[in-house]
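Taking it in order: structure first as C-alpha cells, then the write-up.
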Amino acid sequence: QVQLVESGGGLVQPGGSLRLSCAASGSIFLLNAIMGWYRQAPGKQRELVATITKSGSTNYADSVKDRFSISRDNAKNTVYLQMNSLKPEGTAVYYCHTNIVNMNFWGKGTLVTVSS
C-alpha cells in the first residue's frame, strides 16, 4: 500500500532552518501525484503548507510563501520542505500528503518545535 514517511523534524530556535523529507512508496501513481505538506499546530486545525506537482509547479500558504520551499526528487520518490526563518507559530506536526485515485494518504507526521 501507499506509504509516506516523514523525517527531519526537531527542535529549532526562532529564525532557524530545517529541511523535512517525505519518502513515498507503494504505487506507480505516485509518479504523477501532487504531493503536499500540511501542518497541525497544538489546538488548531490541520492546514495546507505547500503543494508540488510532478512537473514542479508549487503553491504555498500565504503565511510561509516567502520562507518555505517545497521540492521533489522524482527519481527518489522524495518530497522536501525547506523551512527558513522559522517562527514560534510554526511549531506543529508536519504531515506529508498525497491523493491517488481519489484517496487521501497521510504520513504519521514529524514534529517541529520552534522555541528558544
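The values are calculated or read from the model by the stated rules, or taken from the named source; none is laboratory data. Please read all numbers here as calculations on a predicted model, not as lab measurements. No Cβ is skipped: glycine too gets one built from the backbone with ideal geometry, and neighbour counts run over all protein chains shown. With ligands, DNA and RNA removed, areas are computed over all heavy atoms of the protein, side chains included. Shrake-Rupley method; radii C 1.70, N 1.55, O 1.52, S 1.80 Å.
What the table below lists for this structure:
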{"item": "Which listed residue, of Ser71, Ser85, is open to solvent by less than 70 Å² (accessible area, probe 1.4 Å) and part of a strand (DSSP E or B)", "result": "Ser71"}
{"item": "Tabulated pairs, region 61-79, first on the phi > 0 side of the Ramachandran plot, second exposed (fewer than 13 other Cβ atoms within 10 Å of the Cβ) and among the small types (Gly, Ala, Ser), C-beta under 8 angstrom, 6+ apart or interchain", "result": "Asn77/Ser25"}
{"item": "Qualifying positions in region 18-31 - assigned to a strand (DSSP E or B) and either open to solvent by less than 60 Å² (accessible area, probe 1.4 Å) or touching a helix residue (DSSP H, G or I) at 6+ places or on another chain (Cβ under 6 Å) (or both)", "result": "Leu18, Leu20, Ser21, Cys22, Ala23, Ala24, Ser25"}
{"item": "Region 1-17, subset in a loop (DSSP other than H, G, I, E, B) and open to solvent by less than 30 Å² (accessible area, probe 1.4 Å), residue nearest to Ala75 (Cα to Cα)", "result": "Val2"}
{"item": "Set Val114, Val93: member being aliphatic (A, V, I, L, M) and touching a helix residue (DSSP H, G or I) at 6+ places or on another chain (Cβ under 6 Å)", "result": "Val114"}
{"item": "Output for region 32-67, where each listed residue is among the aliphatic types (A, V, I, L, M) and open to solvent by less than 70 Å² (accessible area, probe 1.4 Å)", "result": "Ala33, Met35, Ala41, Leu48, Val49, Ala50, Ile52, Ala61, Val64"}
